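The values are calculated or read from the model by the stated rules, or taken from the named source; none is laboratory data. Worth saying up front: this structure is predicted, and the values here are computed from it rather than measured. Here Cβ is always computed from backbone atoms with ideal geometry, including for glycine, and neighbour counts include all displayed protein chains. Heavy atoms of the whole protein, side chains included, go into the accessibility calculation; ligands, DNA and RNA do not. Shrake-Rupley method; radii C 1.70, N 1.55, O 1.52, S 1.80 Å.
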Amino acid sequence: MRIGVLTGGGDCPGLNAVIRAVVRKGVGVYGHEFIGIRDGWRGAIEGDVRPLGVPEVRGILPRGGTVLGSSRTNPYKVDGAVDRIRATLSANGVDALIAIGGEDTLGVAKRLTEEGMSVVGVPKTIDNDLAATDYTFGFDTAVNIAMEAVDRLHTTAESHHRAVIVEVMGRHAGWIALHAGLAGGANVILIPERSFDVGEVCDYVETRFETHYSPILVVAEGAVPKEGTMTLAAGELDAFGHVRLGGIGQVLAEEIEKRTGKESRAVVLGHIQRGGTPTAFDRVLATRFGLHAIDAAHEGAFGQMVALRGTGIVRVSLTEATAELKTVPLDRYAEAEVFFG
């Protein structure tokens, strides 16, 4: 077969490991050929492709990001895009497509499969919020980056007797905030799954100061206050209808300083969490996903996504994979609340 490979949505560490594994096994074991589709669904629409063989994937295992590029293009928001994708695949002799992405990229993959295209999915999101898989690659790296930031901020916060609010990624799911906050010894963790009362947060801040230590608060970008306790500005929408988030950390810092009189600073980690070399865990998981994805494509298991269940890699339907998000259960959040204040 001739197989196309694309990466869509936000970049994350481990994408190149998937691409490498797909190509190395696809060429070496099965004798397939590959082309890389640039910048996700945009490249598929516009016919922007590049050669993708063993020489092109040498040395990319430890690299962050994606050598194919990415975008948040939604073909179902572009007139005639699906027909143009068909034309791109036909013009390049592509028999099947491996799409590596999160809920949005795989949602498009599911619809294209329903329209008769041969697609295999690989789950990718640093938010770890796809319910069909226990873990996604990129998450472990993002958590470690956030944890190291929290470790460093403890000392500078205590030197100046400041409250420091660390804003991490997490639109609908607070997994990064929960894990980084627990690992870094944060005094408050705020997640999208549970709205917070700013007055209660300020009480935790003051309690921490009373122990002669400075509080560190880890807040997911999608965390929201209880109605009436704070006002947040709405952001613009992307191609998939998501609000562009960011800013809760600064708003919270200003509110804490106003209510407690304690100097507060906000640190937004933002895309730092997405960049850089992947951890060993993410390299291994991404590699295994790639190996099993090419197996699925070779066997004609289209409309499927590879997933981690326990320590094994299984296949689930793209319909199941995109049916719901995996959010933080409240009992997991309750474990973290023991350390608040």
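For this structure, a couple of remarks:
- Filtered by the rule that a residue be touching a strand residue (DSSP E or B) at 6+ places or on another chain (Cβ under 6 Å) and either part of a loop (DSSP other than H, G, I, E, B) or surrounded by fewer than 22 Cβ atoms within 10 Å (Cβ to Cβ) (or both), the range 268-291 gives Val268, Leu269, Arg288.
- Listed by first and then second residue, the pairs with beta-carbon distance under 7 Å, at least 6 apart or on different chains, first residue in the range 5-25 and open to solvent by 10 Å² or more (accessible area, probe 1.4 Å), second part of a helix (DSSP H, G or I), are Gly9/Asp104; Gly9/Thr105; Arg20/Val57; Arg20/Gly290; Arg24/Val54; Arg24/Val57; Lys25/Leu291; Lys25/Ile294.
- As a summary of the residue check, Arg84 satisfies the conditions (1) part of a helix (DSSP H, G or I); (2) of a type in the set (Lys, Arg); (3) open to solvent by less than 60 Å² (accessible area, probe 1.4 Å) except for the one numbered (3).
- Residue within the range 33-45 that is over 24 Å from Leu291 (Cβ atoms), in a helix (DSSP H, G or I), touching a residue at least 40 places away in the same chain (Cβ under 8 Å) and in contact with a helix residue (DSSP H, G or I) (Cβ under 7 Å, 6 or more places away or on another chain) present: yes
- Filter pass, Arg315 being modelled with pLDDT of 95 or more, open to solvent by 20 Å² or more (accessible area, probe 1.4 Å), on the phi < 0 side of the Ramachandran plot and in a strand (DSSP E or B): yes
- Any hit, the range 125-143, residues being in contact with a Gly (Cβ under 9 Å, 6 or more places away or on another chain), surrounded by 24 or more Cβ atoms within 10 Å (Cβ to Cβ), farther than 28 Å from Val267 by Cβ and of a type in the set (Val, Ile, Thr): no
- Filter result (closer than 13 Å to Ala142 by Cα, open to solvent by less than 10 Å² (accessible area, probe 1.4 Å) and among the hydrophobic types (A, V, I, L, M, F, W, C)) within the range 164-199: Val168, Ile176, Ala177, Leu178, Ala180
- Extreme residue, farthest from Pro13 (Cα to Cα), among residues of the range 285-326 that are of a type in the set (Val, Ile, Thr) and in contact (Cβ under 8 Å) with a residue 24 or more places away in the chain: Thr319
- Criterion (within 29 Å of the chain's Cα centre (by Cα), at pLDDT 95 or above and under 16 Å from Ser264 (Cα atoms)) met by exactly one of Glu193, Glu148, Glu167: Glu167
- Candidate set: the range 200-252, residues that are within 24 Å of Gly107 (Cβ to Cβ) and open to solvent by 90 Å² or more (accessible area, probe 1.4 Å); chosen: the one modelled with the highest pLDDT: Glu236
- Every condition in (1) closer than 16 Å to Ala321 by Cα; (2) without any contact (Cβ under 8 Å) to a residue 40 or more places away in the chain; (3) open to solvent by 20 Å² or more (accessible area, probe 1.4 Å) holds for Leu112 except the one numbered (3).
- When residues in the range 110-138 are screened for being of a type outside the set (D, E, K, R) and under 14 Å from Ala307 (Cβ atoms), 13 of them pass.
- Strands (runs of 3 or more DSSP E) completely within the range 95-186 that count 3 or more residues being among the aromatic types (Phe, Trp, Tyr) and closer than 19 Å to Gln250 by Cα: none
- Among (1) among the hydroxyl-bearing types (Ser, Thr, Tyr); (2) farther than 17 Å from Arg72 by Cβ; (3) open to solvent by less than 30 Å² (accessible area, probe 1.4 Å); (4) in contact with a strand residue (DSSP E or B) (Cβ under 7 Å, 6 or more places away or on another chain) - the single one Thr105 does not satisfy: (2)
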